[in-house]
Amino acid sequence: MTKQLMNPTLPNEGIELLYTADCPNWHEALINLQQALRELKIDDEPKLIKLETLEQARLYNFFASPTIHIHGVDIDRQGRRTGKRGLGDGRPYWYKKQTYLAPPVEFIKQGIQELY
């Protein structure tokens with residue numbers, strides 16, 4: 001079971017799945033994140049954080065949905081390089097010369113292993 005935070009008070013702690021209400025891909029990202037955590041034998045529960053304001057986007061260093069952070073750091077190296085902040089959806093992930101609208105399990109595992 002994951003914790004869903006509508007009005008988060010402690011940003012950038014632990015494992016977070018950040019998303020917007022209009023994002024059609026956050027469910028797949030959550031399923032892939034949970035699978036990656038199981039495969040890595042990590043018991044920490046991801047926090048689900050629905051972002052609704054630009055202030056929240058700035059606070060969470062968020063620019064597009066879905067996004068996975070480990071202690072406030074994007075699992076995607078390319079995502080770490082952008083200075084954009086906003087409430088976009090349809091974020092693309094590039095992995096092994098393919099584009100995905102939700103990060104694949106192996107991509108998530110690599111990010112977790114690097115940052116966790």
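The values are calculated or read from the model by the stated rules, or taken from the named source; none is laboratory data. All values derive from a computational prediction rather than experimental measurement. In this analysis, Cβ positions are derived from the backbone assuming ideal geometry, glycine residues included, and neighbour counts consider all displayed protein chains.
Only one of the listed residues (A29, A36) is touching a strand residue (DSSP E or B) at 6+ places or on another chain (Cβ under 7 Å) and modelled with pLDDT of 95 or more. That residue is A29. Filter region 31-47 down to residues that are touching a Leu at 6+ places or on another chain (Cβ under 8 Å) and surrounded by 19 or more Cβ atoms within 10 Å (Cβ to Cβ) and give me whichever is nearest to P104 (Cα to Cα). Per the stated criteria, the residue is L33.
Checking each residue in region 48-62 for being assigned to a loop (DSSP other than H, G, I, E, B) and buried (at least 19 other Cβ atoms within 10 Å of the Cβ) picks out L51, Y60, N61, F62. The listed residues are N61, N12, and the only one of them that is under 20 Å from Y116 (Cβ atoms), in contact with an Asp or Glu (Cβ under 9 Å, 6 or more places away or on another chain) and of a type in the set (S, T, N, Q) turns out to be N61.
The requirement of being closer than 15 Å to L18 by Cα and assigned to a helix (DSSP H, G or I) is fulfilled somewhere in region 96-108, by at least one residue.
Within region 91-105, the residues that satisfy the criterion of being in contact (Cβ under 8 Å) with a residue 12 or more places away in the chain and either under 18 Å from E39 (Cβ atoms) or within 13 Å of the chain's Cα centre (by Cα) (or both) are R91, Y93, Y95, L101, A102, P103, P104, V105.
Residues in region 74-90 that are surrounded by 14 or more Cβ atoms within 10 Å (Cβ to Cβ) and in contact (Cβ under 8 Å) with a residue 60 or more places away in the chain: L87, G88, D89.
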